1. Across segment 78-104, what is the number of residues that are among the aliphatic types (A, V, I, L, M), in a loop (DSSP other than H, G, I, E, B) and surrounded by 11 or more Cβ atoms within 10 Å (Cβ to Cβ)?
2. Would segment 105-121 turn up any residue that is aliphatic (A, V, I, L, M), modelled with pLDDT of 75 or more and part of a loop (DSSP other than H, G, I, E, B)?
Amino acid sequence: MAILDNIGDYLYNSRNYYTNFFLFWFGLSAFITSILGIFITNKIITSIVFIILSTIFWLFSRKIVKKWLKPVQNKNFHLDELIGKVGIALTDFDKENPGIVKVFSEEWRAYSENEKIKKGTKLLF
């Protein structure tokens with residue numbers, strides 16, 4: 001377990017995940033093949049097992065790493081999406097002094113067109 005923990009720490013702290021993940025599968029294949037080598041002494045069979053395991057692990061790791069390295073999609077938010085939505089005033093504000101309004105769990109700066117808005121007032125945009 002200590003070996004796997006050290007390998008995990010190395011992979012986690014590394015800057016180039018794909019390269020290290022790629023090498024991890026060769027190491028895992030070698031570990032499995034070495035255990036198999038205790039029971040099977042034929043070097044050709046153990047070599048073939050190593051090649052097959054490495055190929056299978058490598059093919060599956062590409063899918064895993066691609067999921068990890070996908071760029072995070074930022075939510076595009078336009079002011080037009082606020083029309084018809086309900087928000088709540090987090091501070092008092094009026095025409096001259098801006099306040100903070102919370103809509104969709106996001107905070108926005110707001111001005112009142114006419115009257116003074118009190119903290120806690122529900123607003124329709």
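The values are calculated or read from the model by the stated rules, or taken from the named source; none is laboratory data. All values reported here derive from a predicted model rather than from experimental measurement. All Cβ positions, even for glycine, are placed from backbone atoms using ideal geometry, and neighbour counts span all protein chains on display.
1. 1
2. For segment 105-121, residues aliphatic (A, V, I, L, M), modelled with pLDDT of 75 or more and part of a loop (DSSP other than H, G, I, E, B): absent.
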